[in-house]
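**Q** Below you will find the structure I want to go over with you.
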Amino acid sequence: MIGANPFHVDDAHRGEYHAAASFASNFVLTVLDAAEHLAKDAGVDREHLAPLVRQTVENWAARGAASALTGPIARGDEATVARQRAASGDYQDLFDALATATRAVAGRAPHATARTTADHAATQQTAVTEEPEA
């Protein structure tokens with residue numbers, strides 16, 4: 001039982017609703033699985049990430065993603081983002097996709113500062129050039 005209240009979704013929008021549900025549940029679990037594996041590699045148990053996850057969801061429920069976003073992407077700290085990417089091991093493709101999506105969220109934040117296309121392109125180039133050689 002998930003405790004949801006029944007509500008109506010127009011037939012024309014059921015696809016969008018089901019996609020939203022996949023993002024809100026299934027895809028979140030995929031991200032948490034990656035976090036759990038990376039934490040385990042660092043000697044950290046899942047239980048230490050759970051309070052962060054709970055608070056993040058509470059902040060999102062109260063304010064929305066753009067207002068709740070914290071961390072190096074929200075601060076524009078690309079050096080830290082590059083270090084985190086380098087530490088993400090087998091999850092670098094997922095990290096890159098999520099970092100791109102998170103930059104879009106950060107851009108919608110009420111406190112966001114305008115970044116030029118050139119700034120973002122330079123960041124993308126830095127991420128590519130700092131990838132360790134195989």
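**Q** Tally Lys and Arg at +1 and Asp and Glu at -1 over the other residues with C-beta under 9 Å from the C-beta of residue 39: what net charge comes out?
**A** Every neighbour counted, the sum reads -1.
**Q** Moving on. Compare the Cα positions of 37, 52, 82 along the charge dipole of the range 28-96 (+1 at Cβ of Lys, Arg; -1 at Cβ of Asp, Glu; about the Cα centre) and return the one farthest towards the positive end.
**A** 52
**Q** Modelled label-to-label distance, residue 93 and residue 12, 7 Å Cα→beta-carbon offset: nm?
**A** Result for the modelled spin labels: 3.7 nm.
**Q** Modelled label-to-label distance, residue 45 and residue 19, 7 Å Cα→beta-carbon offset: nm?
**A** 4.0 nm
Just so you know, all these numbers are worked out from the coordinates, no wet-lab data involved. Note that this is a predicted model, so its numbers are computed, not measured. Glycine also receives a Cβ, built like all others from the backbone with ideal geometry; neighbour counts cover every protein chain displayed.
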